1. Which pairs do you get when a residue that is in contact (Cβ under 8 Å) with a residue 24 or more places away in the chain and outside any helix (DSSP H, G or I), found in segment 78-95, comes within reach of a residue that is surrounded by 13 or more Cβ atoms within 10 Å (Cβ to Cβ) and among the basic types (Lys, Arg), reach meaning Cβ atoms under 8 angstrom, with the pair 6+ apart or on two chains?
2. Since Val67 meets every condition but one in (1) farther than 15 Å from Lys49 by Cβ; (2) modelled with pLDDT of 85 or more; (3) touching a Leu at 6+ places or on another chain (Cβ under 7 Å), which condition does it not meet?
3. Tell me, please, whether a residue that is crowded, with 16+ Cβ neighbours inside 10 Å and either at pLDDT 90 or above or not aliphatic (A, V, I, L, M) (or both) can be found in segment 4-23.
Amino acid sequence: MSTLRYRVDLGEFRRAAFALGRVNDQIPRENDRIVRTSTMRGVAKAKAKALTIPARGPKHRGTRKRVSRGVGYRRTPLGYRITTSMPPGEELLPWGFEHQWAHPVYGGPSWVIQHSHYPWFTEPIADEYDFLLREFTSNLRRAAQSVDRMV
């Protein structure tokens with residue numbers, strides 16, 4: 001029967017446990033900061049893109065400005081949610097600019113007017129995915145290096 005002997009350096013184990021505990025507190029805080037930064041960047045991009053929604057006709061009624069002003073965010077238990085809000089009676093406008101839809105024209109020839117979509121909301125927010133992935137990976141790499149230096 002063979003015997004395997006090994007020795008555990010408790011000092012190194014304690015240093016590793018301390019380092020992991022310290023990093024364990026830092027990772028969620030840093031990830032929250034990354035998500036908050038990305039959310040604010042997404043909101044700013046959506047607000048700017050809302051102002052570029054194509055308009056037709058000689059008069060501007062301030063609709064794009066109201067849509068842009070209504071973009072915001074709020075904290076949720078799982079992170080952040082980017083939201084839109086509009087005055088009563090205009091709640092569907094942000095959705096309507098984002099999606100393609102059609103409606104019949106009454107009182108005239110049987111036409112259906114097709115409104116094209118303009119991705120003013122989802123596109124700028126989806127652009128933040130690469131930033132999040134890069135920053136999360138960088139955060140985990142920094143945490144691993146921190147543990148490595150402490151041990």
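1. Filtered contacts from segment 78-95: Tyr80/Arg36; Glu90/Arg66.
2. (1)
3. At the first step, the residues of segment 4-23 found to be crowded, with 16+ Cβ neighbours inside 10 Å are 19, 23.
Checking which are either at pLDDT 90 or above or not aliphatic (A, V, I, L, M) (or both) leaves us with none.
No, segment 4-23 contains no residue that is crowded, with 16+ Cβ neighbours inside 10 Å and either at pLDDT 90 or above or not aliphatic (A, V, I, L, M) (or both).
Yes or no, residue by residue, for (1) part of a loop (DSSP other than H, G, I, E, B); (2) more than 12 Å from the chain's Cα centre (by Cα); (3) closer than 14 Å to Leu93 by Cβ:
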| site | (1), (2), (3) |
| --- | --- |
| Thr39 | no, no, no |
| Ala44 | no, no, no |
| Ala48 | no, yes, no |
| His60 | yes, yes, no |
| Arg66 | no, yes, yes |
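The values are calculated or read from the model by the stated rules, or taken from the named source; none is laboratory data. These numbers come from a predicted model, not from an experiment. A quick note on method: Cβ atoms are made from the backbone with ideal geometry, for glycine too, and the neighbour counts reach across all protein chains shown.
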